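Novice: Okay, here's the structure, questions in a sec.
The values are calculated or read from the model by the stated rules, or taken from the named source; none is laboratory data. Everything numeric in this text was worked out from a predicted model, so none of it was measured. As a convention, Cβ positions derive from the backbone with ideal geometry for all residues, glycine included, and neighbour counts pool all protein chains shown. Remember, those area values only see protein heavy atoms, side chains included, never the ligands or the DNA or RNA. Shrake-Rupley method; radii C 1.70, N 1.55, O 1.52, S 1.80 Å.
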Protein chains: 2
Amino acid sequence: MSKHKRQMNLNVFLMNVGHHEAAWRHPGTEPQHITDLGYFTRLARLAEQAKFDSLFLADILAVGKNVKHGAALAGLEPFTLLSALAAVTERIGLIGTVSTTYNEPFHVARKFASLDHISKGRAGWNIVTSGSDIEANNFNQDAHPEHSKRYDRAAEFLDVTTGLWDSWEDDAIVIDRESGTFSEGAKVHEINHDGHFFQVRGPLNVPRSPQGYPVLVQAGSSEDGKEFAARYAEAIFTAQQTLGEAQRFYADVKGRLGKYGRHPDELKILPGISAIIGKTEAEAKEKEQELHELIIPEYGLNQLSNMLKVDLFTYPLDGPLPELPNVEEINGNKSRFQLVADLARRDNLTIRQLIQRLAGGRGHRTFAGTAVQIADELEEWFTQGGSDGFNVMPPYLPEGLEAFAEEVIPELQRRGLFRTQYTGSTLREHYGLNRPVNKFVNVPLSRVSGV
Amino acid sequence: MSKHKRQMNLNVFLMNVGHHEAAWRHPGTEPQHITDLGYFTRLARLAEQAKFDSLFLADILAVGKNVKHGAALAGLEPFTLLSALAAVTERIGLIGTVSTTYNEPFHVARKFASLDHISKGRAGWNIVTSGSDIEANNFNQDAHPEHSKRYDRAAEFLDVTTGLWDSWEDDAIVIDRESGTFSEGAKVHEINHDGHFFQVRGPLNVPRSPQGYPVLVQAGSSEDGKEFAARYAEAIFTAQQTLGEAQRFYADVKGRLGKYGRHPDELKILPGISAIIGKTEAEAKEKEQELHELIIPEYGLNQLSNMLKVDLFTYPLDGPLPELPNVEEINGNKSRFQLVADLARRDNLTIRQLIQRLAGGRGHRTFAGTAVQIADELEEWFTQGGSDGFNVMPPYLPEGLEAFAEEVIPELQRRGLFRTQYTGSTLREHYGLNRPVNKFVNVPLSRVSGV
């Protein structure tokens, strides 16, 4: 591995049996194990052996209506699972989704500070604002709050959580048994936040954690989402279908950091990739076809209807999409709506074809080919201004992860694009991110590095 | 061990460095490790080797003003820690406190269902309603809600969480790959709860867990608390100073179960015991004195002022307590207030003496003696209608737990009062509790046993 070559960051996004919506029907997957810690331990250790920067668990606060034909996100609550995985792994980062719309900042700050301690600095938070009425209905609300209001709440939520993470200075605990001083009171701060959404006195009841803050990740790519990311996020998981789109997104978001006093390197952009890998291209395409044949149209129609906010069940499967609402009317995942609408229009797809195109990654880029072919693609995106690395989304597990770990990663390593050993111990170190300066400490307004 | 002799249930209540308020100043404790998973892993495995039914982590949603002279409950968020401990233990039950006042039932139901899956049926929930304004101030409220209102909320909270735990029938998941049926839709239920505090549609997004529900534990001993326990709880952690008090409490609570259609055996009563163990009684008393000499009066005064809702800093340490408010005026831990007030009056204690008496267990029973002496006491309480077992509160760690595990438990085993091997695998099996019948399943209104 060249010492000076820019390195990719690779996250593996684990979803129960894999990202392909029909993965659970594939004979190689283990849907009977989606609530089994042993199953996830195997996957996490496999990813760690392959030197992934991090693993990621997504979340939604409801079970969809698709429970009959699959259950992509029914299973273990991600945070519970990440805490357990912290105990059985040593180096890989542990990123979980937590919604700012249906949580309280004190709880969230506390959980991430605890996970960061337990994992010795490997916690990351994928900040989402949630996107559906079915979640609202589990939290005393008839309907999901409006998009921009959710982002206002998210911004205030971040102000509170970062304040709480700073509320204990790094050297607050002194443990002087002789004098009876456990901690220096002057280094443990109330935050006295009194805002529009939250009133929180603090301090947090967890001392400052190894990373200071968990790595802050964001996944919304709407206008509000990009601005939020530019201000707060240190990594973005994003769905981009073509290199051109990825390059435009990359330049757009990186260009926004300056106004918040941030350097473009302080935010890593990781497009999703759901890759089916074969010894030959033909074998990969065959595997893809095999998975596509397991798709249950009713499941795909339901997913697609939710994404597009149109009931597609009344339209012919082999006909075109009906007229869609304007993106302005979408109060959910705006950027995904736009991506799917553009994709259908650009490639002139029928509803059935669109379902197949989305089945592997819900709008994330899909790929079927050899390890060399996929490495070529990743290298191109990475070197041509499309990304800082990738959010690897195995379409079916464990095989999809095994193939990526055993064939694609060694190819990237041969090209000097990815680490062969962990060089750091925290997630911030893996991603090359600075440790946040504590805002209660009186130092110049710059960032210090190292832990 | 006699096969037919009634067996004690023993829970170990782990608190950072131990329950004695000065434990962190004792040279044998490890206050530098209170955020270290390795430290808690050692303690959990030690407790598991000793065949404890369960370990318990308490919680409070704020850091007190005592941060300078100790930090009993600053450290890791209990649920995060329990999840990690689930991964490194195999048989011991894992009980955590979660407040119904400052949480949403959907989140709580989900976390416990997940922990129960991850631990293969070892989760327990200590249900508290919280007791202080400092917690309210971290959750957008100026003051703590009134006592009976908190219990009303707790009752509705339990209705929602038990509904959610039942929302997937045990055999809902079928995984028929051929027909494409992941789960039987008719066995996954919305709960459509529309109550005073909560509106929750459901279903939960976690399939029903090994125990059905986590073991439901309760720790309040006020009138509201006892009634709540009789209706919902399967174990009670309680503070009782004398056998007489313990017997009255035991008879009182067990006597309330009938009106809820429950048998007295469906609720296990576990008084707390903080024991200092020596090879001789003199050695034990010496250790106790050593710990008492480490007490910082300011810390104790603060704790006591909080318990009694009176600012004691203005009264002489070696004088009596001032006049106290009526218990009706206490909007916090009413039963602990009463216990402390009674104790001071009964034994005619000065403020300093009272601080020392409370230092080992905050009002729980303390003891210093040999393993045989403590076993005698436990046996007496257990056989004379005072308890079904005990909540063991090591005053300092790890030594206090080691001594109990290596000296007291073998003595109890010799007397045939405690298991020498785990006979069950779930926490319900350890405690001899039935698995709850799913309320959506059309069966006669009785309980089925076994998992």
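Novice: Report the semi-axes of the equivalent ellipsoid for the stretch B:172-211 in whole Å, largest first, where each axis is √(5λ) for an eigenvalue λ of the Cα gyration tensor. Let's see the in-between values first.
Specialist: Details: eigenvalues 146, 27, 8 Å².
Square roots of five times the eigenvalues give 27, 12, 6 Å.
Novice: Relative to the other copies, what are the label-point distances for A:Q49, with labels 7 Å from Cα along the C-beta vector, expressed in nm at one decimal and sorted shortest first?
Specialist: Result for A:Q49, in nm, nearest copy first: 3.1.
Novice: Let me ask another. Show log10 I(q)/I(0) for the stretch A:221-280 at q = 0.20, 0.21, 0.24, 0.25 Å⁻¹, two decimals, from a solvent-free Debye sum over equal Cα scatterers.
Specialist: Each listed q corresponds, in turn, to -0.71, -0.77, -0.96, -1.03.
Novice: Let me ask something else. Throw me the Rg/Rh for the stretch B:151-221, computed over C-alpha atoms with Kirkwood Rh, two decimals. Intermediate values should be presented prior to the final figure.
Specialist: Values: Rg = 14.8 Å, Rh = 13.6 Å.
Rg/Rh for the stretch B:151-221 comes to 1.09.
Novice: For the stretch A:206-326, with every protein chain kept in place, what is the accessible area per residue (1.4 Å probe, Å²)?
Specialist: On the way: 4900 Å² over 121 residues.
Each residue of the stretch A:206-326 exposes 40 Å² on average to a 1.4 Å probe.
Novice: Binned at 10 Å from 0, what are the whole-percent values of the Cα-Cα distance distribution for the stretch A:68-120, short to long?
Specialist: 21, 47, 26, 6
Novice: Shifting gears a bit: How would the protein assembly as shown be classified by its alpha-carbon gyration tensor: rounded, prolate or oblate, with rounded meaning a/c under 1.5 and the a/b versus b/c comparison settling the rest?
Specialist: In terms of gyration-tensor shape, prolate.
Novice: Classify the stretch A:254-340 from the C-alpha gyration tensor, please: rounded if a/c falls under 1.5, else prolate or oblate depending on whether a/b exceeds b/c. Please report the intermediate quantities before stating the final value.
Specialist: Working: a/c = 3.63, a/b = 1.24, b/c = 2.92.
Oblate, because a/c is 1.5 or more while a/b does not exceed b/c.
Novice: Also, I was wondering about something else. So who's got an amide H within less than 5 Å of the one on B:F390, skipping anything under 5 residues away but keeping other chains? H placed 1.01 Å off N, in plane.
Specialist: Sorted by chain and number, the residues that satisfy this are B:N9, B:L10, B:N11.
Novice: Okay, next question. At 10 °C and a viscosity of 1.306 mPa s, what translational diffusion coefficient does Stokes-Einstein give for the stretch A:1-111, taking Rh as the Kirkwood radius over Cα pairs? Give it in µm²/s as a whole number. Don't skip to the answer; put the middle values down first.
Specialist: Values: Rh = 15.6 Å.
Estimated diffusion coefficient is 102 µm²/s.
Novice: Right, something else. Give me the accessible area of B:T420, 1.4 Å probe, in Å² rounded to the nearest 10.
Specialist: 60
Novice: Counting alpha carbon pairs within less than 8 Å and at least 6 residues apart, what relative contact order, in whole percent, applies to the stretch B:1-69? Please list the in-between numbers first.
Specialist: Numbers: 39 pairs, mean separation 30.1, N = 69.
Relative contact order for the stretch B:1-69 comes out at 44 percent.
Novice: May I pose another question? Where does the stretch A:1-58 land on Rg(C-alpha)/(2.2 N^0.38 Å)?
Specialist: Details: Rg = 14.2 Å, N = 58, 2.2 N^0.38 = 10.3 Å.
Compared with the compact-globule rule of thumb, the stretch A:1-58 sits at 1.38.
Novice: Still on this model: Convex hull over the alpha-carbon atoms of the stretch A:99-185: what's its volume per residue in Å³? Intermediate results must be reported in sequence, preceding the final value.
Specialist: Details: hull volume 10.5 nm³, N = 87.
Measuring per residue, one finds 120 Å³ for the Cα hull of the stretch A:99-185.
Novice: Quickly estimate the mean residue ellipticity at 222 nm for chain A, helices only: each DSSP H run with n ≥ 4 gives -39500 (n - 2.57), and the total goes over all residues, rounded to 500.
Specialist: Details: 15 runs with 161 residues, N = 451.
After summing the helix terms and dividing by the residues of chain A, the value is -10500 deg cm²/dmol.
Novice: Can you tell me how the stretch A:354-409 classifies by the Cα gyration tensor, rounded, prolate or oblate, using a/c under 1.5 as the rounded cut? Walk me through the intermediate numbers first.
Specialist: Numbers: a/c = 1.89, a/b = 1.16, b/c = 1.63.
Judged from the Cα gyration tensor, the stretch A:354-409 comes out oblate (a/c at least 1.5, b/c at or above a/b).
Novice: How far is helix A:297-308 tilted off the main Cα axis of chain A, in degrees rounded to 10, range 0 to 90?
Specialist: Here the helix axis deviates by roughly 50 degrees.
Novice: Okay, next question. Would you mind finding the longest exposed-site-free stretch of chain A, with exposed GluC sites (Glu not before Pro) meaning DSSP loop and at most 14 other Cβ atoms within 10 Å?
Specialist: On the way: sites that count: A:E90, A:E146, A:E178, A:E190, A:E293, A:E323.
No qualifying site falls inside A:324-451, the longest such stretch.
Novice: Now a separate question. Count charges around A:G244 for me, please; just the other residues with Cβ under 13 Å from its Cβ, Lys/Arg as +1, Asp/Glu as -1. The partial results should precede the final answer.
Specialist: Numbers: positive: A:R248, A:R346, A:R365; negative: A:E245, A:D252, A:D342, A:E380.
Summing Lys and Arg as +1 and Asp and Glu as -1 gives -1.
Novice: Any idea what the dipole of the stretch B:261-375 comes to, in debye rounded to 20, about its Cα centre with Lys/Arg Cβ at +1 and Asp/Glu Cβ at -1? Before the final figure, lay out each step's value.
Specialist: Details: 14 positive and 16 negative charges, 65 e Å.
For this selection, approximately 320 debye.
Novice: I would also like to ask the following. So what's the net charge close to B:I118: Lys and Arg +1, Asp and Glu -1, counting the other residues with Cβ under 10 Å from its Cβ?
Specialist: Details: positive: B:K120, B:R122; negative: A:D36, A:E77, B:D116.
So the environment of B:I118 carries a net charge of -1.
Novice: Report the B-A buried area as the accessible area lost on both sides summed, probe 1.4 Å, in Å² to the nearest 100. Don't skip to the end; give the middle numbers.
Specialist: Values: alone 19480 and 19480 Å², together 32960 Å².
Roughly 6000 Å².
Novice: For the stretch B:249-255, what does the Karplus curve 6.51 cos²θ - 1.76 cosθ + 1.60, with θ = phi - 60°, yield as ³J(HN,Hα) per residue in whole Hz, taken in order and with x for Gly and Pro?
Specialist: Values per residue, Gly and Pro as x: 4, 4, 5, 4, 5, 4, x Hz.
Novice: Would you mind telling me the antiparallel percentage of the DSSP bridges in the protein assembly as shown, rounded to 5? Provide the component values of the computation, followed by the final result.
Specialist: Details: 16 of 84 bridges.
The antiparallel fraction comes to roughly 20 percent.
Novice: Give me, ordered by chain and number, the residues 5 or more places off A:R365 or on other chains with an amide H under 5 Å from its own placed amide H.
Specialist: A:Q240, A:G272, A:S274
Novice: Right, another one. Which whole number gives the average count of other chain Cβ atoms within 10 Å of the Cβ atoms across peptide B:82-94?
Specialist: Numbers: counts 3, 15, 12, 4, 5, 12, 3, 1, 0, 0, 0, 0, 0.
The mean count of partner-chain Cβ atoms within 10 Å per residue comes to 4.
Novice: How do A:D59, A:D171 rank by accessible surface area computed with a 1.4 Å probe, from largest to smallest? List each step's numbers first, then the result.
Specialist: Numbers: A:D59 35, A:D171 80 Å².
Putting A:D59, A:D171 in descending order of accessible area: A:D171, A:D59.
Novice: Roughly to the nearest percent, how much of the accessible area of the stretch B:84-130 is carbon and sulfur, given a 1.4 Å probe? Could the numbers behind the result be given before it?
Specialist: Working: 330 of 730 Å².
Whole-percent figure for carbon plus sulfur exposure: 45.
Novice: Here's a follow-up. Pairs of Cα atoms under 8 Å, at least six residues apart: use those to get the relative contact order of chain A, whole percent.
Specialist: Values: 838 pairs, mean separation 108.3, N = 451.
Relative contact order for chain A comes out at 24 percent.
Novice: Compute accessible area for the stretch A:202-224 by itself and then with all protein chains, 1.4 Å probe, and report residues whose area falls by 40 Å² or more.
Specialist: A:N205
Novice: Something else: At 4 °C and 1.567 mPa s, what whole-number value in µm²/s does Stokes-Einstein give for the translational diffusion of the stretch B:265-305, with Rh from the Kirkwood sum over Cα pairs? Walk me through the numbers on the way to the answer.
Specialist: Values: Rh = 12.9 Å.
Value of D from the Cα-based Kirkwood radius: 100 µm²/s.
Novice: For label points placed 7 Å from Cα toward Cβ, what is the shortest-first list of nm distances from A:Y315 to its copies?
Specialist: 7.6
Novice: Taking 2.2 N^0.38 Å as the expected size of a compact globular protein, what ratio does the Cα radius of gyration of the stretch A:200-353 give against it, to two decimals? Before the final figure, lay out the partial values.
Specialist: Details: Rg = 19.8 Å, N = 154, 2.2 N^0.38 = 14.9 Å.
Here the Cα radius of gyration is 1.33 times the empirical estimate.
Novice: When N counts the residues of the stretch B:308-451, how does its alpha-carbon radius of gyration compare numerically with 2.2 N^0.38 Å, as a ratio? Walk me through the numbers before you get to the answer.
Specialist: Details: Rg = 21.0 Å, N = 144, 2.2 N^0.38 = 14.5 Å.
Computed over Cα atoms of the stretch B:308-451, the ratio equals 1.44.
Novice: Which translational diffusion coefficient, to the nearest whole µm²/s, is obtained for chain B from the Stokes-Einstein equation, given a Kirkwood hydrodynamic radius over C-alpha pairs, 10 °C and 1.306 mPa s? Mind showing how you got there, number by number?
Specialist: On the way: Rh = 22.7 Å.
Calculated translational D: 70 µm²/s.
Novice: Charges at C-beta only: +1 for Lys and Arg, -1 for Asp and Glu. How large is the resulting dipole of chain A about its Cα centre, in Debye rounded to 20? Write down the numbers at each step before the final one.
Specialist: On the way: 48 positive and 59 negative charges, 168 e Å.
I would put it at about 800 debye.
Novice: Here's something else I'd like to know. Go through A:D53, B:D265 and list them by solvent-accessible area, largest first, probe radius 1.4 Å.
Specialist: Values: A:D53 0, B:D265 90 Å².
Descending order: B:D265, A:D53.
Novice: Can you tell me the 0 to 90 degree angle between the C-alpha axis of helix A:371-383 and the longest principal axis of chain A, rounded to 10?
Specialist: Tilt of helix A:371-383: around 50 degrees.
Novice: Can you list, shortest first and in nm, the gaps between the label point of A:K149 and those of its counterparts in the other copies, using a point 7 Å from Cα in the C-beta direction?
Specialist: 2.4
Novice: Here is a follow-up. Have a look at the stretch A:38-69 and report residues whose accessible surface goes down by 30 Å² or more when the remaining protein chains are included, against the chain on its own, probe 1.4 Å, ligands and DNA/RNA excluded.
Specialist: Buried-area filter returns A:L61, A:V63, A:V67, A:K68.
Novice: Keeping all protein chains in position, work out how much accessible area A:M15 exposes to a 1.4 Å probe, and write it in Å² to the nearest 10.
Specialist: 10
Novice: Taking the Cα atoms only, what angle lies between the long axis of helix B:281-292 and the longest principal axis of chain B, rounded to 10 degrees?
Specialist: Result, in degrees: 90.
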